[in-house]
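Beneath this line is the structure, given in structure tokens, with notes to follow.
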Amino acid sequence: MVNQAKQQNFKKLQVLLNGLPWYVDEYINHKLRKLSTASLFNYCHDYKIFFNWMVSEQLATCSVKEIPLGRLEQLTVLEVEGFLNFLHYELNNKELTVNRKLSALKSLFNYLQNIAETPDLKPYINRNVMAKIEFNEVKDSMETKANKMEGKILLGDEYEKFRLFVANEYGELNKDNKKLFNFYQFNKERDTAIVSLILGSGLRLSELIGIDLDDLDFSKYCVRVIRKGNKEQFVYFSQVAMADLQEYLSIRTAKYQVDKTNKALFISAPIGPKGKSRRLTARSVEKLIEKYAAAFGKPSLSVHKLRHSFATRYHAEINDVPKLRRQLGHSSIQTTMIYTHIKNDDLKIAVDKMDIPKEQME
């Protein structure tokens with residue numbers, strides 16, 4: 001499977017690494033087999049913010065790329081706390097975001113102290129200031145997070161309503177706008193298949209755009225994807241998704257003028273008289289979901305929220321967390337557990353009964 005998004009992320013990662021110190025490059029190469037290029041790109045972005053801050057605060061009197069290991073070893077707890085305050089108060093980062101950036105720094109410093117070694121087998125740094133820094137306490141419980149998510153995902157009959165909106169009603173809503181209507185008519189089978197596949201499988205965006213035609217197995221209702229950590233997995237999808245995919249595939253080659261060598265499942269419309277059809281990009285999928293979500297009256301919907309919608313419905317109907325964990329490709333079951341806190345109707349009914357006079361319950 002050719003994953004163009006992964007290749008693009010790798011190129012962007014290399015560009016970012018060119019402006020960072022050599023030991024960051026070494027650390028990223030150490031992690032390349034274990035983490036996705038998208039995750040490592042985020043790490044490098046965090047490191048860039050940190051090293052730029054050091055230069056702006058005159059904690060280093062050289063360019064970012066030239067900051068030596070020795071300067072990291074001499075950083076004080078107060079200096080690092082100053083950086084975390086900068087993230088929180090000047091960049092307006094939330095506690096979770098600050099924790100994520102601190103985690104990236106802790107991982108880098110741990111590598112420099114405990115894994116990397118010089119030719120004479122000594123650690124790169126002996127003192128690790130990041131080991132002394134504590135994470136922000138995040139007060140939101142799983143139930144609080146679930147409640148926040150609940151208003152931003154599809155629940156109950158909204159699930160099928162949104163799919164039907166993409167398949168038919170968006171066109172009716174915009175039939176007087178010739179440009180919008182024609183563009184919708186051209187792409188409606190593809191867009192319906194995209195929405196239907198996410199809602200019927202819970203795939204991530206990166207997994208969705210990486211699918212090739214050969215990855216689909218209609219006899220088993222599953223698709224081969226590359227998950228986080230570069231792991232290959234067959235993921236099941238619904239019968240509704242199957243029908244929508246088959247309808248899209250029936251028009252894919254002719255409508256999008258697809259070259260036989262192009263094996264990408266989801267294709268972008270050719271632009272211009274000599275335009276070529278290409279694999280649909282992640283940003284294009286995000287924009288089409290945003291467009292339909294806004295018109296549907298639920299602008300908070302995104303690709304990731306559709307994934308959450310699938311997971312919530314799956315848990316409500318099947319109630320098997322280990323199976324859901326595998327379907328979503330979560331590395332930790334704790335991540336999957338959040339869906340057990342959404343729409344707990346039994347708990348709500350029990351609480352509601354507390355307000356009912358006893359004689360009405362008999």
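Okay, here's what the table says:
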| item | result |
| --- | --- |
| Scattering curve values for the chain, log₁₀ I(q)/I(0), Debye with Cα scatterers, q = 0.10 Å⁻¹ | -0.80 |
| Sites residue 29 and residue 323 - FRET efficiency at Förster radius 30 Å, r taken between beta-carbons, to 0.05 | 0.25 |
| Efficiency of FRET from Cβ geometry, residue 178 and residue 332, R₀ 56 Å, rounded to 0.05 | 0.70 |
| The chain, accessible surface, carbon-and-sulfur percent (1.4 angstrom probe) | 51 |
| Long pairs among 34/291; 132/323; 11/287; 11/132; 31/122; 65/101, criterion Cα-Cα beyond 28 Å | 34/291; 132/323; 11/132 |
| Length-normalised contact order for the chain - Cα pairs under 8 Å, 6+ apart - percent | 16 |
| Size of electric dipole in region 147-275: Cβ of Lys, Arg +1 and of Asp, Glu -1, about Cα centre, debye, nearest 20 | 460 |
| Cα-centre dipole for the chain with unit charges at Cβ (Lys and Arg positive, Asp and Glu negative), debye to 20 | 1340 |
| Accessible area expressed per residue, region 234-321, with surrounding protein chains retained (probe 1.4 Å, Å²) | 54 |
| Cβ-Cβ FRET estimate between residue 122 and residue 158, R0 fixed at 45 Å, reported to 0.05 | 0.15 |
| Residue 221-residue 286 pseudo-label distance in nm [points 7 Å out on the Cα-to-Cβ vector] | 3.2 |
| Stretchable slack from residue 269 to residue 249, in nm (0.36 nm times residue separation minus alpha-carbon distance) | 5.8 nm |
| Relative contact order of region 209-303, defined on C-alpha pairs under 8 angstrom at six or more residues apart (%) | 20 |
| Among 118, 61, 97: highest mean-square fluctuation, GNM of the chain, C-alpha pairs under 10 Å | 118 |
| Most fluctuating residue given options 285, 303, 15, as computed from a GNM of the chain linking Cα atoms under 10 Å | 15 |
| Spin-label model distance (nm) - residue 56 vs residue 76, 7 Å beyond Cα toward Cβ | 2.1 |
| Most mobile of 156, 200, 171 in a GNM of the chain (Cα contacts under 10 Å) | 156 |
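The values are calculated or read from the model by the stated rules, or taken from the named source; none is laboratory data. None of these values were measured; they are calculated from a predicted model. Every residue, glycine as well, gets a Cβ built from its backbone with ideal geometry; the counts of neighbours run over all protein chains shown. What goes into the accessible areas is simple: the full protein's heavy atoms, side chains included, and nothing from ligands, DNA or RNA. Shrake-Rupley method; radii C 1.70, N 1.55, O 1.52, S 1.80 Å.
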